[in-house]
1. Quote the charge dipole size of the range 43-191 about the Cα centre in Debye, to the nearest 20; the model charges only the Cβ of Lys and Arg (+1) and of Asp and Glu (-1).
2. What dipole magnitude, in Debye to the nearest 20, does the chain give about its Cα centre under +1 on Lys/Arg Cβ and -1 on Asp/Glu Cβ?
3. Which of these, Ala85, Ala269, Ala145, has the largest mean-square fluctuation under a Gaussian network model of the chain (Cα springs below 10 Å)?
4. What percent does the relative contact order of the chain come to when contacts are Cα pairs within less than 8 Å and at least six residues apart?
5. So if each residue of separation counts as 0.36 nm, and I subtract the Cα-Cα distance between Thr220 and Glu260, what length gain in nm does that give?
6. Counting each DSSP H run of 4 or more residues in the chain as -39500 (n - 2.57), what helix-only mean residue ellipticity at 222 nm follows after dividing by all residues, to the nearest 500 deg cm²/dmol?
7. Relative to the longest principal axis of the chain, what angle (0 to 90°, nearest 10) does the C-alpha long axis of helix 113-133 take?
8. Assigning unit charges at the beta carbon (Lys, Arg +1; Asp, Glu -1) and nothing else, what dipole magnitude in debye, to the nearest 20, does the range 12-108 show about its Cα centre?
Amino acid sequence: MRKTRKRKNKALWLTLRGLMIVIGGFIAAYGLETVLIPNRVSDGGVTGLSIVGSELFDMPLGILIAIVNIPFIWLGYQQIGRSFAIFSVIGIASLALGTRLMHHMPAIIEGDTLLITVVGGIILGIGMGLALRNGGALDGIDMLAVLLARKLPFGTSDFILFLNLFVFIFVSFVFGLQGGILSAIAYFIASKVIHIVEEGLSGSKMFKIITTEPELMVETIRDRLGRSATYNEVYGGYTMEKFKEITCVINRLEESKIKEIITEIDEGAFVTVYDVAEVKGGNFRKNNIH
């Protein structure tokens, strides 16, 4: 009975993820067909190449998106896994179908280049971020960047930027220099929105603090923020002196408050701050402060 319930819950969860990826694909298609493409502004990656190909060869954009992404889906299957590849097929198929269904929809913005890039980038970023958050992708160039980053001594983001540089140069030959520049700006905005959608507006921060007053620091953080913390014993590499390093995870809204506490207790404290994409388990839920 319990196994059956678990299977049903898993099936429901997978179905919901697939549905969110489909919605993400249609949102991205809406941004392309009603904002960017009517104003001769493109996207980056495989979608950008498909838009240029559609313009040059007068082929349906949806068909090109599906065809050009095939080798990248296979690459994703080989390097990342089957579920990622399946969800990416769902996302790319949704994007391709969405561009087909929305192709004749009127543009919602015309003429204002700044508004075009901002609105188009935001809509596109929401759609792509929704797909990535649920385990799929709408564009295959990210998969290629991941593979290259494993083989060569550069980061994934470096390769994404490098590969898209060639895409936007190609776009500028078809849509003109202004179209290439606007496409790059829209892509930059979309990438920032993707980051927000993936991590959420209430993303977390991890503080690691080495101070001469560790007990007082933890007590004050607990009393004023309602957050707990952990200790690690660390040693100075030069003096070999033993310290207590404090680790505390907070949400972004509490960042200025914890910095205020640190400065108040020990201005000379050594502090490192990390972005945290996700927090699960433990007792992260904040205690009420009255």
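1. For the range 43-191, the charge dipole is close to 540 debye.
2. Values: 28 positive and 26 negative charges, 364 e Å.
For the chain, the charge dipole is close to 1740 debye.
3. Of the options given, Ala269 has the highest mean-square fluctuation.
4. Values: 452 pairs, mean separation 57.7, N = 290.
Reported as a whole number, the value is 20 percent.
5. Details: separation 40, 0.36 × 40 = 14.40 nm, distance 1.10 nm.
Length gained between Thr220 and Glu260: 13.3 nm.
6. Values: 9 runs with 181 residues, N = 290.
Calculated mean residue ellipticity at 222 nm is -21500 deg cm²/dmol.
7. It works out to around 70 degrees.
8. Values: 4 positive and 4 negative charges, 59 e Å.
Here the range 12-108 has a charge dipole of around 280 debye.
Read the figures in this text as sums done on the coordinates, not as results from a lab. Here the structure is a predicted model, which means the values were calculated and not measured. Glycine also receives a Cβ, built like all others from the backbone with ideal geometry; neighbour counts cover every protein chain displayed.
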